Amino acid sequence: MLSVLYPAMDGRRVIHLTAYRNERVEAADGFYVIAGHNPGVHGAVLTEALASRFGVHIEVTTDWALARRLGVAAPAVAAAEDLNTELAAGNLTWAPQLRAVCASTTRVSRDRSPVRSSGTRGTSSVSTRYHTRGSA
């Protein structure tokens with residue numbers, strides 16, 4: 001679907017709507033496209049053909065210092081940082097992002113006395129599930 005916009009984004013500034021009476025649509029002065037992309041997400045592929053049509057690329061990374069300032073437990077942040085380092089090295093296929101780490105802290109803080117995996121109340125611990133490359 002996005003390929004329809006390629007001509008408008010690469011300097012030609014026009015698209016042809018072949019499915020709608022082959023209507024020609026010209027980009028107005030100031031036309032631009034802003035898009036977001038989640039690399040590494042299954043099915044979310046940003047092709048080189050599309051990426052090359054964006055004049056500016058901005059990578060937004062996770063601010064783990066912000067997580068600490070938001071009150072996320074230090075062990076949770078440290079585990080998330082380590083997992084993200086392994087992900088960047090290609091050793092993992094998944095690592096938690098800031099929203100997941102903050103959400104887990106919110107769930108724990110609502111109860112104030114988290115349930116351990118044994119089912120008893122007491123000190124919370126961080127447990128992270130992840131997949132290494134090649135694992136199911």
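Readers should treat all values here as calculations from the given coordinates under stated rules, not as data from a laboratory. All of these numbers come straight from a predicted model, not from anything done at the bench. Ideal geometry is used to build each Cβ from the backbone, glycine not excepted, and the neighbour counts take in all protein chains shown.
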Query raised in the report: Counting every Cα pair in the range 47-88, what percent are over 14 Å apart?
Result: 61 percent
Requested in this report: Within the range 1-97, report the GluC sites (Glu not before Pro) that DSSP leaves as loop and that have at most 12 other Cβ atoms within 10 Å.
Outcome: Glu59
Query - Column: log10 I(q)/I(0), Debye, Cα scatterers of the range 1-110, q = 0.10, 0.18 Å⁻¹ - result: -0.50, -0.93
Query raised in the report: Looking at the range 2-51, what % of the alpha carbon pairs are farther apart than 18 Å?
Result: 41 percent
